[in-house]
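What follows is a short report on a single structure.
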Amino acid sequence: AVCSMGNSTSRLYSVLAKTLSSGAVSQHQDCLEQLDSAQLDPIDPKDLLEECQIVLQKRPPRFQRNFVNLKKNTASNHRPIRVMQWNILAQALGEGKDNFVQCPMEALKWEERKCLILEEILAYKPDILCLQEVDHYFDTFEPLLSRLGYQCTFFPKPWSPCLDVERNNGPDGCALFFLKERFELVSSANIRLTAMKLKTNQVAIAQTLKCHETGRLFCIAVTHLKARTGWERFRSAQGCDLLQNLKNITQGAKIPLIVCGDFNAEPTEEVYREFSNSSLNLNSAYKLLSPDGQSEPPYTTWKIRPSGECRHTLDYIWYSQHALNVNSALGLLTEEQIGPNRLPSFHYPSDHLSLVCDFSFNQDPDRLL
């Protein structure tokens, strides 16, 4: 049943409420092509947020998270670029495979969970949004975010585990969104990652953008590496392949770079060291929240499965540390906020926390990388 929207019932909500059951990406695409022009009108973000909040009125309110100011005494005349990284939890996996034993199935209902996801995105208003485990791209995220002014790109996994779940919504994959009013797309690459010279099931999107305000070029990439213990060497090989692709795209680091992703790797893993020591001169933005600027957060995902409690740091925003400055970063949820049943929950829609950073260009464009 569709929740009553009161006086604000609209064609907007007809898109928000719509959920396709078909598993074929081509069928999703056909559906998009059949949308009438009235459904493609721009959306006011405030209207969409209001629609989401009406759907969520029986749920607890969103937790308060505050931005931590990290800006050094460097003047900038330009608006920062806000980047959001988030593994949103594929709906098919949440309901069918991930076995969150402390999370009620009622909390995973897509009609409400998608509104929690949208509410989080609308609250932080990213200029660039990098998502993983997106399996409702064609019926939810592309139709809505394109109407909010984002240019949208999706690259599904070749053999998505979502397809093994009955009544799935198609494959999950990585999605990248940027505001067209702020950036122009210069080039785009969909990368199927390799390991030991073999093509794998993991993917990345890398796009070179031009900032309208500054005229500066930069590259934004999103990825999701292989999961699970025992696959450390495999993730390392995938990371090496991604870095090589990004070296080519950024012309050997001449173009500044931001890489967002669920790396499925703790900071102790080889793939983390590869990114830290790369010739691309990358740093992990969330290290800057630590007192010494050298330590990652204690967790970016926290869940309870039949095998026990899983608390790990797996999600990162890497950036070219001599070309870009991190002005601020969004603080993480506390253990008290997350609660004893961990994630996901009625409060929070995913088992991973969203990461959000504000970047500015270094004011000396000739400074060596």
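The values are calculated or read from the model by the stated rules, or taken from the named source; none is laboratory data. Here the structure is a predicted model, which is why all the values come from computation and not from measurement. All Cβ positions, glycine included, derive from the backbone under ideal geometry; neighbour counts span all protein chains shown. Side chains are part of the model used for accessible areas, which takes the heavy atoms of the whole protein and leaves out ligands, DNA and RNA. Shrake-Rupley method; radii C 1.70, N 1.55, O 1.52, S 1.80 Å.
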Q. Listed residues SER320, SER279; which is under 19 Å from CYS219 (Cβ atoms), out of contact with any helix residue (DSSP H, G or I) (no Cβ under 6 Å at 6 or more places or on another chain), open to solvent by 30 Å² or more (accessible area, probe 1.4 Å) and among the small types (Gly, Ala, Ser)?
A. SER279
Q) Is it true that ARG311 is of a type outside the set (S, T, N, Q), on the phi < 0 side of the Ramachandran plot and more than 20 Å from the chain's Cα centre (by Cα)? A) no
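Please go through segment 320-337 and give me each residue that is part of a strand (DSSP E or B) and either small (Gly, Ala, Ser) or farther than 11 Å from LEU355 by Cα (or both), ordered by number.
Passing the criteria: SER320, LEU324, ASN325, VAL326, ASN327, SER328, ALA329.
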Q. Could we say that LYS247 is part of a helix (DSSP H, G or I), more than 25 Å from ASP172 (Cα to Cα) and not hydroxyl-bearing (Ser, Thr, Tyr) here?
A. yes
Q) So which residues in segment 180-210 are closer than 19 Å to ILE258 by Cβ and among the basic types (Lys, Arg)? A) LYS180, ARG182, LYS210
Q | Tally of residues being of a type in the set (Gly, Ala, Ser) and more than 15 Å from ILE191 (Cβ to Cβ) across segment 217-239 | A | 3
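Quick one: would you say SER146 is hydroxyl-bearing (Ser, Thr, Tyr), surrounded by fewer than 20 Cβ atoms within 10 Å (Cβ to Cβ) and part of a strand (DSSP E or B)?
Working: hydroxyl-bearing (Ser, Thr, Tyr): yes; surrounded by fewer than 20 Cβ atoms within 10 Å (Cβ to Cβ): yes; part of a strand (DSSP E or B): no.
Here the answer is no, as SER146 does not meet what is asked.
Filtering segment 85-99 down to residues that are out of contact with any helix residue (DSSP H, G or I) (no Cβ under 7 Å at 6 or more places or on another chain) and either small (Gly, Ala, Ser) or open to solvent by less than 20 Å² (accessible area, probe 1.4 Å) (or both), which residue is nearest to CYS260 (Cα to Cα)?
The first filter runs over segment 85-99 and keeps only residues out of contact with any helix residue (DSSP H, G or I) (no Cβ under 7 Å at 6 or more places or on another chain), leaving 85-87, 89, 96, 98-99.
Narrowing the set further to residues that are either small (Gly, Ala, Ser) or open to solvent by less than 20 Å² (accessible area, probe 1.4 Å) (or both) leaves 85-87, 89, 96.
Numbers: GLN85: 6, TRP86: 8, ASN87: 10, LEU89: 16, GLY96: 26 Å.
Once the filter is applied, the top-ranked residue is GLN85.
Look through GLY96, GLY173 and report the one residue that is within 22 Å of ILE220 (Cβ to Cβ), in contact (Cβ under 8 Å) with a residue 12 or more places away in the chain and not charged (D, E, K, R). Quick ask: steps written out before the conclusion?
Numbers: GLY96 fails: within 22 Å of ILE220 (Cβ to Cβ).
Among GLY96, GLY173, only GLY173 is within 22 Å of ILE220 (Cβ to Cβ), in contact (Cβ under 8 Å) with a residue 12 or more places away in the chain and not charged (D, E, K, R).
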**Q.** Single residue of ARG113, ARG82, ARG65 found to be closer than 26 Å to PRO297 by Cβ, open to solvent by less than 40 Å² (accessible area, probe 1.4 Å), of a type in the set (D, E, K, R) and not in a loop (DSSP other than H, G, I, E, B)
**A.** ARG113
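Report yes if THR194 is at pLDDT 95 or above, assigned to a strand (DSSP E or B), within 15 Å of the chain's Cα centre (by Cα) and buried (at least 16 other Cβ atoms within 10 Å of the Cβ), otherwise no.
On the way: at pLDDT 95 or above: yes; assigned to a strand (DSSP E or B): yes; within 15 Å of the chain's Cα centre (by Cα): no; buried (at least 16 other Cβ atoms within 10 Å of the Cβ): yes.
Answer is no for this residue.
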Q. Of the residues that sit in segment 49-62 and are touching an Asp or Glu at 6+ places or on another chain (Cβ under 9 Å) and in contact (Cβ under 8 Å) with a residue 60 or more places away in the chain, which one is most open to solvent (accessible area, probe 1.4 Å)?
A. GLN53
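Kindly evaluate GLU266 against the criterion of being assigned to a loop (DSSP other than H, G, I, E, B), surrounded by 14 or more Cβ atoms within 10 Å (Cβ to Cβ) and modelled with pLDDT of 95 or more.
Working: assigned to a loop (DSSP other than H, G, I, E, B): yes; surrounded by 14 or more Cβ atoms within 10 Å (Cβ to Cβ): no; modelled with pLDDT of 95 or more: yes.
No, not satisfied.
Does SER320 count as without any contact (Cβ under 8 Å) to a residue 60 or more places away in the chain and farther than 17 Å from PHE67 by Cβ? Even if it seems obvious, please write down each step before you answer.
Numbers: without any contact (Cβ under 8 Å) to a residue 60 or more places away in the chain: no; farther than 17 Å from PHE67 by Cβ: yes.
Judged against the criteria, SER320 is not a match.
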Q | Those residues of segment 177-191 which are open to solvent by 20 Å² or more (accessible area, probe 1.4 Å) and assigned to a strand (DSSP E or B), in sequence order | A | LEU179, GLU184, LEU185, VAL186, SER187, SER188, ALA189, ASN190
Q | For VAL271: the one exception among (1) outside any helix (DSSP H, G or I); (2) closer than 30 Å to LYS97 by Cα; (3) in contact (Cβ under 8 Å) with a residue 24 or more places away in the chain | A | (1)
Q: Answer yes or no: is there a residue in segment 207-229 that is without any contact (Cβ under 8 Å) to a residue 12 or more places away in the chain, more than 18 Å from LEU243 (Cβ to Cβ) and in a loop (DSSP other than H, G, I, E, B).
A: yes
Q.
Filter segment 297-317 down to the residues that are assigned to a loop (DSSP other than H, G, I, E, B), under 30 Å from SER279 (Cβ atoms) and open to solvent by 30 Å² or more (accessible area, probe 1.4 Å) and list them by number.
A. PRO298
